[in-house]
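A.B. asks: The structure that follows is given in the form of C-alpha cells.
The values are calculated or read from the model by the stated rules, or taken from the named source; none is laboratory data. The structure displayed is predicted, hence computed values, not measured ones. In this analysis, Cβ positions are derived from the backbone assuming ideal geometry, glycine residues included, and neighbour counts consider all displayed protein chains.
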Amino acid sequence: MTGTGGGTPHWAPGDQILWRYRDHALGLEGGRKGPFHICRPVTVVQDTDDLLAVWMAPGTECVRPVLTDGRPLYQEPLATRYTTPRTTERSQWFGSGVLKLARPGEPWSVWLFWERGWRFKNWYVNLEEPRARWSGGIDSTDHFLDISVSTERSWRWLDEDEFAQAQRVGLMDDDLAGRVRAAGHAAVEVITAWGRPFSDGWEAWRPDPRWPVPALPADWDRTPAHMTS
C-alpha cells in the first residue's frame with residue numbers, strides 16, 4: 001500500500017488483495033462477528049479517496065459457503081437455508097470475470113458482468129456493510145438484498161425472498177433491515193439519476209493482460225491486525 005498526501009493508505013494498480021464477507025448465520029451469539037465464509041482474491045484496478053475498483057479474473061480460486069453435505073446453498077429450501085449446518089469450500093470462478101466498484105462508506109458495491117467476447121451484460125448492486133480496510137484487503141457482510149441494472153438502465157430488486165427469510169430467522173433485526181432497505185432506495189436514486197459509477201464508462205474497461213490470476217492464500221481467513229473504514 002502507498003500513502004497519499006493526507007496519509008490515507010492506498011493500493012497501487014496491479015496489487016493483489018482479498019475481498020471477503022463474514023457469515024451472518026454464525027455470528028449471532030452475543031453480537032459477535034461471524035467467521036469469513038466468502039473470500040475472493042482480486043487485482044486492484046484503481047484505489048483513490050473516492051473509489052476502489054478491483055478485478056476478479058476468470059479462473060480465480062475462491063472460498064464459498066456450502067452445506068455440510070457438500071450441496072450449494074441454493075439447493076436447500078428457503079425455509080431452512082440459513083439454519084442448516086454449513087461449511088466452506090475452495091472453488092474456481094468460472095465464466096467471465098467481474099469488475100467490482102466500491103465508494104468508501106457506501107453500504108453497497110457495484111459489480112459489472114460481461115458475456116464472453118466482452119459483450120457487456122449488466123450492473124449488479126450488492127447491498128452490504130460498508131467495507132473495512134486492512135493491509136491485505138477489505139471485509140464486509142452481505143445484506144441479502146440486491147439490485148440488477150440492465151444495459152437499458154432499468155432496474156429490479158433481487159433476492160427479496162432471501163432478505164425476508166433472513167429477518168424471519170433472526171439474522172437481521174428490524175433496525176438493520178430498515179437500514180438495508182433505505183440503502184437500496186438510495187442506490188436506486190443513484191441509478192435513476194445515472195450517477196457515478198454507472199456514468200463513468202466502466203463497461204468499456206479491460207484488464208491489463210499482464211496481470212496474473214491472484215492465488216488464494218492458505219491463511220485467507222486470517223484476522224487483520226489493524227483495520228480502517
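A.B. asks: Determine whether region 130-144 contains at least one residue that is at pLDDT 95 or above, closer than 23 Å to Arg181 by Cα and in contact with a helix residue (DSSP H, G or I) (Cβ under 8 Å, 6 or more places away or on another chain).
C.D. replies: Yes.
A.B. asks: Going by what's in this entry, would Gln75 be described as over 15 Å from Ser140 (Cβ atoms), in contact (Cβ under 8 Å) with a residue 12 or more places away in the chain and polar (S, T, N, Q)?
C.D. replies: No.
A.B. asks: Which is of a type in the set (Phe, Trp, Tyr) and either farther than 30 Å from Met172 by Cα or at pLDDT below 95 (or both), of Trp11, Trp19?
C.D. replies: Trp11
A.B. asks: Any idea which residue in region 109-120 is farthest from the chain's Cα centre (by Cα), counting only those that are surrounded by fewer than 16 Cβ atoms within 10 Å (Cβ to Cβ) and part of a strand (DSSP E or B)?
C.D. replies: My answer is Arg119.
A.B. asks: Ok, one more. Considering only region 79-89, I want to know if a residue exists there that is within 20 Å of the chain's Cα centre (by Cα) and polar (S, T, N, Q).
C.D. replies: For region 79-89, residues within 20 Å of the chain's Cα centre (by Cα) and polar (S, T, N, Q): present.
A.B. asks: Condition check: surrounded by fewer than 17 Cβ atoms within 10 Å (Cβ to Cβ) and part of a loop (DSSP other than H, G, I, E, B). Does Pro130 satisfy that?
C.D. replies: When the stated conditions are applied, Pro130 does not pass them.
A.B. asks: Taking Trp118 as the residue in question, decide whether it is in contact with a Ser or Thr (Cβ under 7 Å, 6 or more places away or on another chain) and farther than 21 Å from Cys62 by Cβ.
C.D. replies: Here the answer is no, as Trp118 does not meet what is asked.
A.B. asks: Can you tell me which residue among Pro77, Pro41 is of a type outside the set (Val, Ile, Thr), buried (at least 16 other Cβ atoms within 10 Å of the Cβ) and modelled with pLDDT of 95 or more? Step through it out loud before you land on a result.
C.D. replies: Working: Pro77 fails: buried (at least 16 other Cβ atoms within 10 Å of the Cβ).
Answer to the check: Pro41.
A.B. asks: Regarding region 188-197, can at least one residue be identified that is crowded, with 17+ Cβ neighbours inside 10 Å and assigned to a helix (DSSP H, G or I)?
C.D. replies: Checked against the condition, which is being crowded, with 17+ Cβ neighbours inside 10 Å and assigned to a helix (DSSP H, G or I), region 188-197 yields at least one hit.
A.B. asks: Now, a different point. From the list Asp175, Asp200, which one is over 26 Å from Trp123 (Cα atoms) and among the charged types (D, E, K, R)?
C.D. replies: Residue meeting the stated conditions: Asp175.
A.B. asks: Can you tell me which residue among Thr43, Thr84 is of a type in the set (Ser, Thr, Tyr) and farther than 30 Å from Thr151 by Cβ? Please lay out each step first, then the result.
C.D. replies: Numbers: Thr43 fails: farther than 30 Å from Thr151 by Cβ.
The match here is Thr84.
A.B. asks: Another question about this same structure. Exactly one of (1) more than 30 Å from Thr83 (Cα to Cα); (2) assigned to a loop (DSSP other than H, G, I, E, B); (3) at pLDDT 95 or above is unmet by Glu106. Its number?
C.D. replies: Checking Glu106 against (1) more than 30 Å from Thr83 (Cα to Cα); (2) assigned to a loop (DSSP other than H, G, I, E, B); (3) at pLDDT 95 or above, the one that fails is (1).
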